[in-house]
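Derivation of every value follows stated rules applied to the coordinates shown; laboratory data play no part. All figures in this text were calculated on a predicted structure; none of them were measured in a lab. No Cβ is skipped: glycine too gets one built from the backbone with ideal geometry, and neighbour counts run over all protein chains shown.
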Amino acid sequence: MGIFMSFFKLVPLEFVLISVFFSLLHAILCKVCRVSELSGHGPPTYPIIGCMISFYKNRTRLIDWYTELIAESDTNTIVVNRLGARRTIVTANSENVEYMLKTNFNNFPKGKPFTEILGDFLGYGIFNVDGELWRIQRKLASHAFSTNSLREFVMSTLEEEVENQFLPSLESLAAASAVVDLQDLLRRLSFNMICKVSLGVDHCVLDPSQLVSPLNKAFDMASEICAKRGAAPLLLVWKVKKWLGVGSEKKLRDAVEEVHAYVEEIIRNRKKKMDESQENCGEDLLSRLILAGCDEEVIRDMIINFIMAGRDTTSAAMTWLF
C-alpha cells in the first residue's frame, strides 16, 4: 500500500488530467473511425452531427441519393448517422433482405421509431405493428387472399376496370392527340382497383381532365406528410408541430380524419346491409373481415393499410415497366 501511495505522490495532477483527456479522445476517435468504416461508401460523416449536412441537401431526393450511395458500395449497404435520429442501415443486398424478411424475421421488428412516424395514418394495421398483432392480421390476410374466390374477384375486377375505363380513356386521349401524365393515370387505375378489392367501391375517375376523388386526395396528403416525417433532418421538428397542431401536422390530422370517416361509414353501411340481408354482400376484403368478426377499428386500419400498400407499389411498378 505504501508503494502505491508513494507512486501517486510522484505523479503530478496535470499528468493525470492529460491522461484522462487523451483516453476520452481515443474513445471518441475510435467511435468516429468505426462509423466511417461501417458506412463504407456512405455519406460524409462528421463527429456529433453525423451526415446531417449532406442529408439536408438531399432531403427532397432521398431515394435517388441512397441509390447513388448504395451503387458505390461494394456490399450494396450503407450506414446513415445523423444528429437527432437513430442510426439507419440502408441495403439493396438481396442476401441481407432475405435474412431480415425470411430467415430471421422475428429479430427485426419495426420498432417505435418507425411505427410512430406512420402511426397516425396506418394505426394498428399490419404494416405498422409487431408481435402478436402482426401475426393475427397476417393470418387473417393470408386466409383471405389464399382463397380462389378472392383471386377470381381480383382478376374480374381488373379486367372490368381496364376494359370499361382504362382503355377507353387511352383511346380518347389518342384520338385527341393529347399529352397525358401516364404515372398519374396508372395511379388512378391502381387506386380504383385496390378500393374495389378492399372496400367494394369505385370512387376514382380515370379521366385526367377531372379532379381525383376526395378520398384519393386525402390519401395523397397523408402519405406525403408521413414520408416527410421520415425524411426530416431533425425528428423533433415534426413532433413539436404535431404537439402544437400547426402546419403540415394539422394537414395530416385533417387528412387522416377524412380517410377514417370515409372508411368507417362504408364499414357501418356494409355491416347494416349484411345484417339485413343475412348473407354475404360481396367478395371484397371488407366483407370477409366483417364475417371474420373483427372489431371496426381493426377492420378500418387493415383496410387503410392494404389500400396504402396496393396503391403506390402497383402504380410505381407499372410506371417503370412502361
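Can you tell me which of 121-127, 90-96, 192-198 comes out highest on packing, and rank the rest after it, using the mean Cβ neighbours within 10 Å?
Output ranking for 121-127, 90-96, 192-198: 192-198, 121-127, 90-96.
For segment 39-108, what does the convex hull of the Cα positions come to per residue, in cubic angstrom?
Details: hull volume 6.8 nm³, N = 70.
Per-residue hull volume (Cα only) is 97 Å³.
In sequence order, segment 128-134 has phi-based couplings of 9, 9, 10, x, 5, 4, 5 Hz under the Karplus curve 6.51 cos²θ - 1.76 cosθ + 1.60, θ = phi - 60°, and Gly or Pro positions carry x.
Each label was represented as a point 7 Å from its Cα along the Cα-to-Cβ direction; for residue 178 and residue 46 these points are 5.1 nm apart.
All other residues whose Cβ lies under 13 angstrom from that of residue 109 are scored, Lys and Arg at +1 and Asp and Glu at -1, for a net of +1. Each distinct pair of alpha carbons in segment 138-321 adds a 1/r term; the inverse of their mean, the Kirkwood radius, is 18.1 Å. Rounded to the nearest 0.05, the FRET efficiency derived from the C-beta distance between residue 319 and residue 114 at R0 = 35 Å is 0.85.
Computed over all pairs of different Cα atoms, the Kirkwood value for the hydrodynamic radius of segment 119-237 is 17.0 Å.
So, counting K/R as plus one and D/E as minus one, what does the shell of residues with Cβ under 12 Å around residue 202 add up to? Result for the local shell: -1.
On the beta carbon distance between residue 295 and residue 104, with R0 = 35 Å, the FRET formula returns roughly 0.65. The length gained on full extension between residue 274 and residue 309, counted as 0.36 nm times the residue separation minus their Cα-Cα distance, comes to 9.9 nm. Within the shell of other residues whose beta carbon sits under 14 angstrom from the beta carbon of residue 144, the net charge comes to +1, with Lys and Arg scored +1 and Asp and Glu -1. Here is the tail figure for segment 183-251: Cα pairs spaced more than 21 Å apart come to 40 percent of all pairs.
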